[in-house]
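**Student:** Take this structure, written in structure tokens, and hold onto it; I'll ask about it next.
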Amino acid sequence: MDIYLVGGAVRDQLLGCPVGDKDYVVVGATPEQMLQLGYQQVGKDFPVFLHPQTREEYALARTERKQGQGYTGFQVNTDTSITLPEDLERRDLTINAIAQDEHGQLIDPFGGQQDIQKRVLRHVSSAFIEDPLRVLRVARFYARFKTFGFIVADQTKDLMRTMAQSGELTTLVAERVWREWEKALSTDAPSAFIELLIEVDAWQPIVPELSVSTELLSDLQQITQVTPCTHTRFATLMLRQQDNFDLKQLSQRLRLPNQYKRLAQAVYASRAQLLQPSPLSPSDLLTLADNTDMWRQPDRIEQLAHIRNIARPNISDGGIVEALTQARAINAGALVARGLKGPEVGRALSEERLLAIKRGLA
């Protein structure tokens, strides 16, 4: 039984990036042997085990053969005769198909080190085309490593385009698609994720509702430089959508988590104000806060201020965050204590908040 460190940990180590989770491949072992050694089996589709002390993942070396549609239609073979190169060959990109033994020696049968040096994302083999999820994975890796100078090999783009045109992308489970989306949004260049998917004809099969323009890509890159918040980055994509945009359909297609969906709804509903070419008046800000539930969602103050700033960078809206924060401190309880009742409370609350916004902007 031989154990090798594989995948992202080896790649990131070679790139000089912080190494996160470590994954290992085990050659020449059976599930029974792993269990006898105290490992806990967690994999359903193929044998993956957790180390009894470190809880890191150890997978038996395997090969995969396509049998059906989508990314689940594979026959998996974990026979003890499977070699390390055979296991590495099933991986998506050469930079992810490098292994390291216990002595630190690298095993690199597909030229991953050379591609790291050349800054190229390249598929390992023609088997790349068997898993449609790889189209999104490559786009996500491109977004992550674009700032390192990486490009995608033309032959790999050709395979991605073939996969997109085959219709297989429509077989992907929404949760898997969203997982790649969310990871891409957390990178330094999420706009590159979108650009590559468009280039290889994969955008329409994945998110046909979302229109992409030069302004949208610019907005996304600018907001990326302002905040690491993936909720804000995603919501920024709503800023340039037209009146016929179907956000409900997009939310269902991607199975958007509630936090993403609600902020996206708030931005889409308020896009006219956020794009207003003149400074926002106190009454504009009050309406914006009312319409986006800022009073109950304090994070939205900063999120929407960021989006407003990148939407209209030449407009001076100084003090928005401070003004809205002051207004939010005013609550209905104090007004009720003064003897106000019913509709009077709502009217007085709006008046007090408007005054607070004016003071904050002064």
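We did not get these values from a lab; they are worked out from the coordinates using the rules stated. Computed from a predicted model, the values in this text were never measured in an experiment. Don't worry about glycine lacking a Cβ; one is built from the backbone with ideal geometry, like all the others, and counts go over all protein chains shown.
**Student:** Output ³J(HN,Hα) for the stretch 50-55: one whole-Hz value per residue in order, computed from phi by the Karplus curve 6.51 cos²θ - 1.76 cosθ + 1.60 with θ = phi - 60°, and x for Gly and Pro.
**Tutor:** 9, 5, x, 9, 7, 6
**Student:** Could I ask something else about it? How many nm separate the modelled label positions at VAL173 and GLN252, each set 7 Å beyond the Cα in the direction of the Cβ?
**Tutor:** 2.0
**Student:** If Rh is defined by the Kirkwood formula over all Cα pairs and Rg also comes from Cα, what ratio Rg/Rh do you get for the stretch 246-314?
**Tutor:** Across the stretch 246-314, the Cα-based Rg/Rh ratio is 0.99.
**Student:** For a Förster distance of 25 Å, can you work out the FRET efficiency between the beta-carbons of GLN225 and GLN259, rounded to the nearest 0.05? Mind showing how you got there, number by number?
**Tutor:** On the way: r = 22 Å, r/R0 = 0.87.
After rounding to 0.05, the efficiency reads 0.70.
**Student:** In nanometres, what is the gap between the two model label sites at ARG347 and ASP299, each 7 Å from Cα along Cα-to-Cβ?
**Tutor:** For ARG347 paired with ASP299, the spin-label model returns 3.7 nm.
**Student:** Can you tell me the alpha carbon radius of gyration of the stretch 1-118 divided by the globular rule-of-thumb value 2.2 N^0.38 Å? Could you put the intermediate results ahead of the total?
**Tutor:** Working: Rg = 14.4 Å, N = 118, 2.2 N^0.38 = 13.5 Å.
Scaled against compact globular proteins, the figure is 1.06.
**Student:** Provide the gained length on full extension for the span GLN117 to ARG55, in nm with one decimal, where the gain is 0.36 nm per separating residue minus the Cα-Cα distance.
**Tutor:** Length gained between GLN117 and ARG55: 19.1 nm.
**Student:** Follow-up. Counting helices only, and only those DSSP H runs with n ≥ 4, report the 222 nm mean residue ellipticity of the chain as the sum of -39,500 (n - 2.57) divided by its residues, in deg cm²/dmol to the nearest 500.
**Tutor:** Working: 19 runs with 180 residues, N = 362.
My calculation for the chain gives -14500 deg cm²/dmol from helical runs alone.
**Student:** Next question, about the same structure. Please report MET163, MET1 as a ranked list, fewest other C-beta atoms within 10 angstrom at the top and most at the bottom. Please report the intermediate quantities before stating the final value.
**Tutor:** Working: MET163 23, MET1 12.
Taking fewest neighbouring Cβ atoms as first place, the list is MET1, MET163.
**Student:** Then there is this: Are there GluC sites (Glu not before Pro) in the stretch 97-187 that DSSP marks as loop and that have at most 11 other Cβ atoms within 10 Å, and which are they?
**Tutor:** Qualifying residues, ordered by number: GLU102.
**Student:** Taking the Cβ of each residue in LYS261, LYS118 as the centre, tally the other Cβ atoms inside 10 Å and list the residues starting with the fewest.
**Tutor:** LYS118, LYS261
**Student:** Got a sec? Which residues in the stretch 1-43 would a label at GLU89 touch, if it sits 7 Å along Cα→Cβ and we count backbone N under 17 Å?
**Tutor:** 27-28
**Student:** Need the full-extension length gain, THR162 to VAL76, defined as separation in residues times 0.36 nm minus the C-alpha distance. One decimal, nm.
**Tutor:** Full-extension gain reported as 28.5 nm.
**Student:** Now for a different question. In degrees between 0 and 90, to the nearest 10, how far off the longest principal axis of the chain does helix 190-199 point, with axes built from Cα atoms?
**Tutor:** 60
**Student:** So between ALA332 and LEU15, what do we pick up on full extension, going 0.36 nm a residue minus the alpha carbon distance?
**Tutor:** 108.6 nm
**Student:** Let me ask you something else. Explain nothing, just the number: relative contact order of the chain, from Cα pairs under 8 Å at least 6 residues apart, as a whole percent.
**Tutor:** Once divided by the residue count of the chain, the mean separation gives 10 percent.
**Student:** Could you give me D for the chain, from Stokes-Einstein at 4 °C and 1.567 mPa s, where the hydrodynamic radius is the Kirkwood radius over C-alpha pairs? Units µm² s⁻¹, please.
**Tutor:** Stokes-Einstein gives a translational diffusion coefficient of 55 µm²/s.
**Student:** Can you tell which of LEU133, LEU280, SER186 lies farthest toward the positive end of the dipole of the chain, using +1 and -1 charges on the Cβ of basic and acidic side chains (Lys, Arg; Asp, Glu)?
**Tutor:** Final value for the positive-end residue is LEU280.
**Student:** Quick check for the chain: number of Lys pairs with alpha-carbon distance under 26 Å, counting only pairs 8 or more apart or on different chains?
**Tutor:** Counting lysine pairs in the chain gives 17.
**Student:** Same structure again: Could you line up LEU197, LEU217 from fewest to most neighbouring Cβ atoms inside 10 Å?
**Tutor:** Details: LEU197 26, LEU217 18.
Lowest to highest Cβ neighbour count: LEU217, LEU197.
**Student:** Next question, about the same structure. If one computes the Cα centroid of the stretch 210-270 and of the stretch 109-137, what distance in Å separates the two points?
**Tutor:** If we compute the Cα centre of each part, the gap is 30 Å.
**Student:** Would you please give the residues with an amide H less than 5 Å from that of VAL152, counting only those at least 5 places away or on a separate chain, with H modeled from the backbone geometry?
**Tutor:** LEU121
**Student:** So how strong a dipole does the stretch 248-362 carry about its Cα centre when Lys and Arg Cβ are +1 and Asp and Glu Cβ are -1, to the nearest 20 debye? Working shown, then result.
**Tutor:** Values: 17 positive and 10 negative charges, 94 e Å.
Using only the charged Cβ atoms, the result is roughly 460 debye.
**Student:** Something else about it: Convert each backbone phi in the stretch 111-120 into a coupling constant with the Karplus relation 6.51 cos²θ - 1.76 cosθ + 1.60 (shift: θ = phi - 60°), then list the ³J(HN,Hα) values in order as whole Hz, x for Gly and Pro.
**Tutor:** x, x, 5, 5, 5, 5, 5, 7, 6, 10
**Student:** While we're on this one: Hey, got the dipole for the chain? About the Cα centre, +1 on K and R Cβ, -1 on D and E Cβ, debye to the nearest 20?
**Tutor:** For this selection, approximately 1380 debye.
**Student:** Report, to the nearest 10°, how far helix 343-361 tilts away from the longest principal axis of the Cα atoms in the chain, using its own Cα long axis and a range of 0 to 90°.
**Tutor:** With both axes taken from Cα atoms, the answer is about 80 degrees.
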